[in-house]
Amino acid sequence: MSAPVIDPVRPAAPDTPAGRSTKAQRTTPARFDTALGWNDKPGVAWTLRILLCLIALAVFAAPFLTIFSGAFTTNPSGSSLSFLPHDSTLLNFKVAGERGIWDYLGNSLVIAGGGLLLQLVVCTLAAYALARHRFRGQALIMMLFMMTLMLPEEVIAIPLSLVLGDVPVVHLDLKGTVWGVILPLGAWGFSVMMLTEFMKDIPAEIEEAARLDGVGELRMLWQIILPLCRPALGVAGVLGFIMIWDQYLLPLIASKDPTDYTVTVALSILRTDPEVGSGVVLAGAVIALIPSLIVYLLLQRSLVTGIAAGATKG
């Protein structure tokens, strides 16, 4: 009678650098692997994905290339699409500067910087209270923040203009000042909601351990909660800056003089000016576009990390 055949048991990889590298080679996905099956092996599906990416890139990049091309062209044509400038010149930027575009840009930078700082402070404090504390009327306060996202700017334009002209209780006229634009942007419902949901996912054990060490509320927020919320703060910073930078109606109703306008309002003025061509308007658009690009490039890692963290939450 023959002896039973016993399959040999393969020993586990030793816990050494060589063994760990062997495990990594078996478990680490390929460089281009994704949940949708993306891989680096050429084929019909691979070619189709590359083609779709190129189409999407062309759709989103074409407007930017057209703007930059027209800004550096002497007389850009509105009836033809061109990605490369013809008769390259900087005259359009010179004319835009003579029309005060740099002063308008300075107004926008002051308003965007001050408004974003105030918005992040207010939204962070509100989110911390809503996420880490329990009190009566909590759901009502969150609903009020959400309602601010449902009201179009045109609906509140006239009431807001009246309030800015005579602030209740203190009776101050904020029109013609940067505070007339910054203060209404001090709270944004989207940032409050996003930061609140992000802070709710922070384990309560961390907060309890800190309180046993005598940590107060402000120190808890500054040294423990905020460092864990950096991805969400990055998202709030990028989207908040773009929201403030793109404001058009608010700077228009809060100004008393054309010198108080922001760059977005200035672009509409340049567009209706019969003495300037479309090249000057495109040059102003390039100038208005640069700060948003800089902010995005500086905070893109936090933006992607925050969006990914929100997508995989729970």
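The values are calculated or read from the model by the stated rules, or taken from the named source; none is laboratory data. Owing to the predicted nature of the structure, the values given are computational and were not obtained by experimental measurement. When we count neighbours, we look across all protein chains shown, and the Cβ atoms used for this are built from the backbone with ideal geometry, even at glycine. Please note that ligands, DNA and RNA were not included when accessible areas were found on the heavy atoms of the full protein model with its side chains. Shrake-Rupley method; radii C 1.70, N 1.55, O 1.52, S 1.80 Å.
Brief remarks follow.
- Kirkwood radius and radius of gyration were both taken over the C-alpha atoms of region 242-309, and their ratio Rg/Rh is 1.10.
- Sites matching GluC sites (Glu not before Pro) across region 189-290 that sit in DSSP coil, with at most 12 neighbouring C-beta atoms within 10 Å: Glu275
- In region 223-314, trypsin sites (Lys or Arg not before Pro) in a DSSP loop with at most 10 other beta-carbon atoms within 10 Å: Lys313
- Sites matching trypsin sites (Lys or Arg not before Pro) across region 122-202 that sit in DSSP coil, with at most 13 neighbouring C-beta atoms within 10 Å: Arg134, Arg136
- Backbone HN-Hα couplings from phi across region 119-128 [Karplus 6.51/-1.76/1.60, Hz, Gly and Pro as x]: 5, 5, 5, 5, 5, 5, 5, 5, 5, 5
- Summing charges over all other residues whose Cβ lies under 14 Å from the Cβ of Gly216, with Lys and Arg as +1 and Asp and Glu as -1, gives 0.
- Taking the accessible area of region 189-228, probe 1.4 Å, and keeping the other protein chains in place, the carbon and sulfur fraction comes to 63%.
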